[in-house]
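Down below is the structure, laid out as C-alpha coordinates.
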Amino acid sequence: AQTVTQSQPEMSVQEAETVTLSCTYDTSESDYYLFWYKQPPSRQMILVIRQEAYKQQNATENRFSVNFQKAAKSFSLKISDSQLGDAAMYFCAYSGSNTGNQFYFGTGTSLTVIP
Amino acid sequence: NAGVTQTPKFRVLKTGQSMTLLCAQDMNHEYMYWYRQDPGMGLRLIHYSVGEGTTAKGEVPDGYNVSRLKKQNFLLGLESAAPSQTSVYFCASSYWAEAFFGQGTRLTVV
(Lines give C-alpha, C1' and ligand atoms only; values in the text may rest on other atoms or scores of the structure.)
Protein backbone atom coordinates (compact mmCIF):
# COMPACT_ATOMS: atom_id res chain seq x y z
CA ALA A 1 0.00 0.00 0.00
CA GLN A 2 1.06 3.55 -0.58
CA THR A 3 2.31 5.46 2.45
CA VAL A 4 2.36 9.17 3.13
CA THR A 5 4.60 10.54 5.87
CA GLN A 6 4.42 13.91 7.54
CA SER A 7 7.26 14.17 10.05
CA GLN A 8 6.27 17.50 11.60
CA PRO A 9 3.34 17.05 14.01
CA GLU A 10 3.37 20.76 14.86
CA MET A 11 4.73 23.90 13.26
CA SER A 12 4.43 27.59 14.04
CA VAL A 13 5.00 30.73 12.01
CA GLN A 14 4.87 34.44 12.64
CA GLU A 15 2.14 36.30 10.83
CA ALA A 16 3.36 37.53 7.41
CA GLU A 17 6.29 35.11 7.41
CA THR A 18 6.82 31.97 5.30
CA VAL A 19 6.56 28.40 6.47
CA THR A 20 7.19 25.07 4.76
CA LEU A 21 5.43 21.84 5.66
CA SER A 22 7.09 18.58 4.67
CA CYS A 23 5.65 15.43 3.17
CA THR A 24 7.19 12.29 1.71
CA TYR A 25 5.43 9.39 0.05
CA ASP A 26 6.16 5.94 -1.19
CA THR A 27 4.76 4.50 -4.39
CA SER A 28 5.67 2.35 -7.35
CA GLU A 29 3.09 4.00 -9.59
CA SER A 30 3.99 6.49 -12.29
CA ASP A 31 0.58 8.15 -12.62
CA TYR A 32 -0.70 9.79 -9.45
CA TYR A 33 -1.81 12.98 -7.77
CA LEU A 34 -0.60 14.63 -4.62
CA PHE A 35 -2.66 16.98 -2.51
CA TRP A 36 -2.55 19.26 0.48
CA TYR A 37 -5.78 19.54 2.43
CA LYS A 38 -6.47 22.05 5.19
CA GLN A 39 -8.65 21.26 8.18
CA PRO A 40 -9.54 24.31 10.29
CA PRO A 41 -11.25 23.99 13.68
CA SER A 42 -14.58 23.76 11.85
CA ARG A 43 -13.46 20.24 10.87
CA GLN A 44 -14.19 20.82 7.18
CA MET A 45 -11.59 19.34 4.81
CA ILE A 46 -10.57 21.94 2.22
CA LEU A 47 -8.39 21.30 -0.80
CA VAL A 48 -5.46 23.73 -0.79
CA ILE A 49 -3.42 22.60 -3.77
CA ARG A 50 -2.99 19.67 -6.13
CA GLN A 51 -0.02 18.37 -8.12
CA GLU A 52 -0.13 15.92 -11.00
CA ALA A 53 2.87 13.64 -11.04
CA TYR A 54 3.52 13.94 -14.75
CA LYS A 55 3.76 17.73 -14.55
CA GLN A 56 7.26 18.98 -13.82
CA GLN A 57 6.13 22.47 -12.97
CA ASN A 58 5.30 23.02 -9.31
CA ALA A 59 1.69 23.93 -8.60
CA THR A 60 0.88 27.36 -7.18
CA GLU A 61 -2.35 28.76 -5.73
CA ASN A 62 -1.97 32.37 -4.59
CA ARG A 63 0.13 32.25 -1.38
CA PHE A 64 0.43 28.47 -1.50
CA SER A 65 3.01 26.64 -3.56
CA VAL A 66 4.57 23.20 -3.58
CA ASN A 67 8.05 21.83 -4.10
CA PHE A 68 7.51 18.53 -5.88
CA GLN A 69 10.60 16.36 -6.08
CA LYS A 70 9.45 13.24 -7.90
CA ALA A 71 12.70 11.28 -7.70
CA ALA A 72 12.98 11.95 -3.99
CA LYS A 73 9.24 11.35 -3.50
CA SER A 74 8.95 14.60 -1.63
CA PHE A 75 6.05 17.06 -1.73
CA SER A 76 6.37 20.09 0.54
CA LEU A 77 3.91 22.96 0.95
CA LYS A 78 5.11 26.53 1.24
CA ILE A 79 2.79 29.15 2.70
CA SER A 80 3.91 32.71 2.04
CA ASP A 81 2.75 35.83 3.89
CA SER A 82 1.09 33.67 6.55
CA GLN A 83 -2.26 34.86 7.86
CA LEU A 84 -4.14 34.08 11.05
CA GLY A 85 -6.70 32.21 8.97
CA ASP A 86 -4.00 29.76 7.84
CA ALA A 87 -3.94 28.21 11.31
CA ALA A 88 -5.21 24.67 10.84
CA MET A 89 -4.26 21.04 10.51
CA TYR A 90 -2.68 20.31 7.13
CA PHE A 91 -2.82 16.87 5.55
CA CYS A 92 -0.73 15.62 2.68
CA ALA A 93 -2.53 13.05 0.52
CA TYR A 94 -1.87 10.73 -2.40
CA SER A 95 -4.16 9.24 -5.02
CA GLY A 96 -2.98 6.84 -7.69
CA SER A 97 -4.53 5.49 -10.84
CA ASN A 98 -3.77 1.86 -9.96
CA THR A 99 -5.09 1.90 -6.40
CA GLY A 100 -8.83 2.21 -7.00
CA ASN A 101 -8.68 5.98 -6.69
CA GLN A 102 -8.12 5.61 -2.95
CA PHE A 103 -6.81 8.66 -1.15
CA TYR A 104 -4.01 7.98 1.34
CA PHE A 105 -3.38 10.59 4.01
CA GLY A 106 -0.47 11.52 6.21
CA THR A 107 -0.89 12.04 9.95
CA GLY A 108 -1.10 15.80 9.62
CA THR A 109 0.80 18.91 10.70
CA SER A 110 -0.83 21.36 13.07
CA LEU A 111 0.08 24.90 12.04
CA THR A 112 -0.09 27.76 14.52
CA VAL A 113 0.14 31.35 13.28
CA ILE A 114 1.53 33.78 15.84
CA PRO A 115 0.23 37.35 15.62
CA ASN B 1 -24.35 23.45 -3.72
CA ALA B 2 -24.84 20.62 -1.23
CA GLY B 3 -21.75 18.58 -2.21
CA VAL B 4 -21.34 15.81 0.37
CA THR B 5 -23.78 15.67 3.25
CA GLN B 6 -23.36 13.49 6.33
CA THR B 7 -25.92 12.79 9.00
CA PRO B 8 -25.87 12.96 11.94
CA LYS B 9 -23.15 15.42 12.91
CA PHE B 10 -22.91 14.24 16.50
CA ARG B 11 -23.96 11.05 18.24
CA VAL B 12 -23.40 9.33 21.55
CA LEU B 13 -23.88 5.57 21.68
CA LYS B 14 -23.75 3.05 24.47
CA THR B 15 -21.48 0.05 24.05
CA GLY B 16 -23.27 -2.63 22.07
CA GLN B 17 -25.75 -0.32 20.36
CA SER B 18 -25.98 -0.10 16.60
CA MET B 19 -26.28 2.85 14.28
CA THR B 20 -26.00 3.88 10.66
CA LEU B 21 -24.20 6.94 9.34
CA LEU B 22 -25.66 8.36 6.17
CA CYS B 23 -23.70 10.00 3.36
CA ALA B 24 -25.17 11.60 0.28
CA GLN B 25 -23.42 13.30 -2.65
CA ASP B 26 -24.94 15.24 -5.50
CA MET B 27 -21.90 15.39 -7.81
CA ASN B 28 -22.53 12.09 -9.61
CA HIS B 29 -19.20 10.70 -8.41
CA GLU B 30 -18.49 7.01 -8.82
CA TYR B 31 -16.09 6.77 -5.89
CA MET B 32 -17.16 7.15 -2.28
CA TYR B 33 -15.28 6.56 0.95
CA TRP B 34 -15.62 6.35 4.71
CA TYR B 35 -12.67 7.49 6.83
CA ARG B 36 -12.12 7.78 10.52
CA GLN B 37 -9.94 10.47 12.03
CA ASP B 38 -8.17 9.93 15.33
CA PRO B 39 -5.63 12.24 16.98
CA GLY B 40 -2.14 11.71 15.63
CA MET B 41 -3.28 9.14 13.07
CA GLY B 42 -4.60 11.19 10.20
CA LEU B 43 -7.48 9.84 8.17
CA ARG B 44 -7.70 6.09 7.85
CA LEU B 45 -9.85 4.42 5.21
CA ILE B 46 -12.57 2.14 6.56
CA HIS B 47 -14.44 1.08 3.40
CA TYR B 48 -14.85 2.46 -0.05
CA SER B 49 -16.95 2.01 -3.16
CA VAL B 50 -16.03 2.34 -6.83
CA GLY B 51 -19.62 2.46 -8.03
CA GLU B 52 -23.22 1.64 -7.27
CA GLY B 53 -23.59 -1.82 -5.78
CA THR B 54 -19.87 -2.21 -5.00
CA THR B 55 -17.97 -2.02 -1.73
CA ALA B 56 -14.43 -2.85 -0.67
CA LYS B 57 -12.44 -2.95 2.55
CA GLY B 58 -9.97 -0.26 3.40
CA GLU B 59 -7.27 -0.11 6.04
CA VAL B 60 -9.45 -0.48 9.16
CA PRO B 61 -12.72 -2.29 8.21
CA ASP B 62 -13.29 -4.43 11.31
CA GLY B 63 -16.48 -3.65 13.17
CA TYR B 64 -18.03 -1.73 10.27
CA ASN B 65 -20.25 -2.58 7.33
CA VAL B 66 -21.24 -0.48 4.33
CA SER B 67 -23.74 -0.44 1.54
CA ARG B 68 -24.04 1.47 -1.75
CA LEU B 69 -27.50 0.66 -3.06
CA LYS B 70 -27.78 3.98 -4.89
CA LYS B 71 -24.97 5.86 -6.58
CA GLN B 72 -25.50 8.98 -4.51
CA ASN B 73 -25.62 7.28 -1.10
CA PHE B 74 -23.04 5.43 0.94
CA LEU B 75 -24.03 4.07 4.34
CA LEU B 76 -21.72 3.09 7.18
CA GLY B 77 -23.06 0.74 9.84
CA LEU B 78 -21.83 -0.15 13.29
CA GLU B 79 -23.56 -3.34 14.41
CA SER B 80 -22.27 -3.41 17.99
CA ALA B 81 -20.49 -0.22 18.95
CA ALA B 82 -17.30 -0.38 21.03
CA PRO B 83 -15.43 2.43 22.82
CA SER B 84 -12.56 1.95 20.31
CA GLN B 85 -14.93 3.25 17.65
CA THR B 86 -15.08 6.66 19.29
CA SER B 87 -13.81 8.90 16.52
CA VAL B 88 -14.68 11.50 13.93
CA TYR B 89 -16.01 9.91 10.77
CA PHE B 90 -15.75 11.49 7.35
CA CYS B 91 -17.49 10.55 4.18
CA ALA B 92 -15.99 11.62 0.87
CA SER B 93 -16.69 11.28 -2.81
CA SER B 94 -14.27 11.81 -5.64
CA TYR B 95 -13.40 11.89 -9.26
CA TRP B 96 -9.83 11.12 -10.24
CA ALA B 97 -8.35 14.46 -9.28
CA GLU B 98 -10.08 15.58 -6.08
CA ALA B 99 -11.90 14.24 -3.06
CA PHE B 100 -14.79 16.17 -1.54
CA PHE B 101 -15.60 15.69 2.10
CA GLY B 102 -18.64 15.91 4.30
CA GLN B 103 -18.49 17.88 7.53
CA GLY B 104 -17.81 14.85 9.66
CA THR B 105 -19.66 12.97 12.38
CA ARG B 106 -18.33 13.00 15.91
CA LEU B 107 -19.25 9.66 17.45
CA THR B 108 -18.69 8.87 21.10
CA VAL B 109 -19.20 5.34 22.40
CA VAL B 110 -19.56 5.14 26.17
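The values are calculated or read from the model by the stated rules, or taken from the named source; none is laboratory data. Since the structure is predicted, the reported quantities are computational estimates derived from the model, not experimental observations. Quick reminder, even Gly has a Cβ in these numbers, built from the backbone with ideal geometry, and neighbours come from all protein chains shown. Calculation scope for accessible area: heavy atoms of the full protein, side chains included, ligands and nucleic acids excluded. Shrake-Rupley method; radii C 1.70, N 1.55, O 1.52, S 1.80 Å.
List of remarks:
- When nucleic acids and ligands are ignored and a 1.4 Å probe is applied, residue B:79 ends up with an accessible area of around 140 Å².
- Whether the range B:3-45 is rounded, prolate or oblate, judged on the alpha carbon gyration tensor where a/c under 1.5 counts as rounded: oblate
- For chain B, the fraction of alpha-carbon pairs lying more than 17 Å apart is 48 percent, rounded to a whole number.
- Heavy-atom surface of the protein assembly as shown, accessible at 1.4 Å and reported per residue (Å²): 47 Å²
- Dipole check for chain B: with +1 at the C-beta of Lys and Arg, -1 at the C-beta of Asp and Glu, and the Cα centre as origin, the magnitude is about 300 Debye.
- Shielded by partner chains, the range B:24-38 residues - at least 20 Å² of accessible area, 1.4 Å probe, vs chain alone: B:31, B:33, B:35, B:37
- Point-charge dipole on Cβ atoms (K/R +1, D/E -1) for chain A, about Cα centre, debye to 20: 140 debye
- Within the accessible area of the range A:13-115 (1.4 Å probe), percent carbon and sulfur: 45 percent
- Carbon/sulfur fraction of accessible area - chain B, other protein chains in place, 1.4 Å, %: 53 percent
- Total accessible surface hidden between A and B, rounded to 100 Å², 1.4 Å probe: 1800 Å²
- Exceeding the 32 Å Cα-Cα cut-off - candidates A:38/B:70; A:55/B:70; A:38/B:71; A:70/B:70: A:55/B:70; A:70/B:70
- Here the simple spin-label model places points 7 Å from the Cα toward Cβ, and for residue B:2 and residue B:98 these points are separated by 2.0 nm.
- Solvent accessible area, Å² - residue B:31, 1.4 Å probe, full protein context: 60 Å²
- Basic side chains Lys and Arg get +1 at the Cβ, acidic Asp and Glu get -1 at the Cβ, and with that the dipole of the protein assembly as shown about its Cα centre reaches some 480 debye.
- Hydrodynamic estimate: the Kirkwood radius of chain A over Cα pairs, inserted into Stokes-Einstein at 25 °C and 0.890 mPa s, corresponds to D of 173 µm²/s.
- Distance from the range B:1-65 to the range B:95-110 (C-alpha centre basis), Å: 7 Å
- Diffusion coefficient of the protein assembly as shown by Stokes-Einstein, Kirkwood radius over Cα pairs, 10 °C, 1.306 mPa s: 88 µm²/s.
- Cβ-based charge dipole, chain A, positive-most Cα from A:30, A:106, A:5: A:30
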